[in-house]
Every structure is written in structure tokens, then in C-alpha cells.
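For reference, the structure is listed below as C-alpha cells.
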């Protein structure tokens, strides 16, 4: 009787293992997306402060590359008295099948609009 019970436990474990692995990898991907979101939020603050000093896109782009953000897309739009700063980064996913749900790579995009007067 003991062999049947241990065999049943093994079968149940093997059936639930892929689900557990998918959950663990999904949490890792979610954590990476949240981390990049927070990094890009702080980068927009840096960009706004540096733009008020230099107002030159190429110098600003070189500055953020020097900070280690060489894989982000930066957009600046100045209209009337507002400045729109957009920062986008691609995050590649490690969870198989998650790309069908949210897309791979996942694009983390932060856009901030601030009052800006020259």
C-alpha cells in the first residue's frame, strides 16, 4: 500500500511542477518590469533637471548613455509652456508563453509632462 501512495504523490508532483515553474518565472518577469519602471521614473527626473541646464538633445542623450542607460529611447517634446519627456525600454521575457499574453519584448514606457518656461 505504501508504494501506491508514494507513486501517487510523485505523479501529482510531476503534474503540478510545470505550473509552479511558470508562476516562479512570471514573478521574476513581473519584478524585472517593475524594476525597469522605477528606473525609468528616476531617469525622467534626471532628464528634466539636465534639460533645464543644457537644452541640447544630443548632449542630453550622451549624458544618459554615460549614466548607463544606453538601451533606452528618449523623446522630448516642448510645446508652449510644457515639456513632455518620454522614456521607453524593451524588457525581454524569460517565461515561456508569457509573450503570447503581454508581448515579447515588453515595452516599458514612462511619459511625464511638466511645466517648462525658458
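The values are calculated or read from the model by the stated rules, or taken from the named source; none is laboratory data. Note that the structure is a prediction, hence the values are computed from the model and not measured. Every residue, glycine among them, receives a Cβ derived from its backbone with ideal geometry; neighbour counts consider all protein chains shown.
For segment 53-76, give me each residue that is more than 18 Å from residue 117 (Cβ to Cβ) and part of a helix (DSSP H, G or I).
Residues satisfying the conditions are 57, 58, 59, 60, 61, 62, 63, 64, 65, 66.
Scan segment 79-89 residue by residue and report those that are out of contact with any helix residue (DSSP H, G or I) (no Cβ under 9 Å at 6 or more places or on another chain) and either in contact (Cβ under 8 Å) with a residue 40 or more places away in the chain or part of a strand (DSSP E or B) (or both).
Hits for segment 79-89 are 79, 82, 84.
Could you please tell me which pairs satisfy a Cβ distance under 6 Å, a separation of 6+ or placement on different chains, a first residue in segment 50-71 that is modelled with pLDDT of 85 or more, and a second residue that is exposed (fewer than 12 other Cβ atoms within 10 Å of the Cβ) and outside any helix (DSSP H, G or I)?
From segment 50-71, no pairs qualify.
So, residue 50, is that one in a helix (DSSP H, G or I), surrounded by 12 or more Cβ atoms within 10 Å (Cβ to Cβ) and in contact with a helix residue (DSSP H, G or I) (Cβ under 8 Å, 6 or more places away or on another chain) or not?
When the stated conditions are applied, residue 50 passes them.
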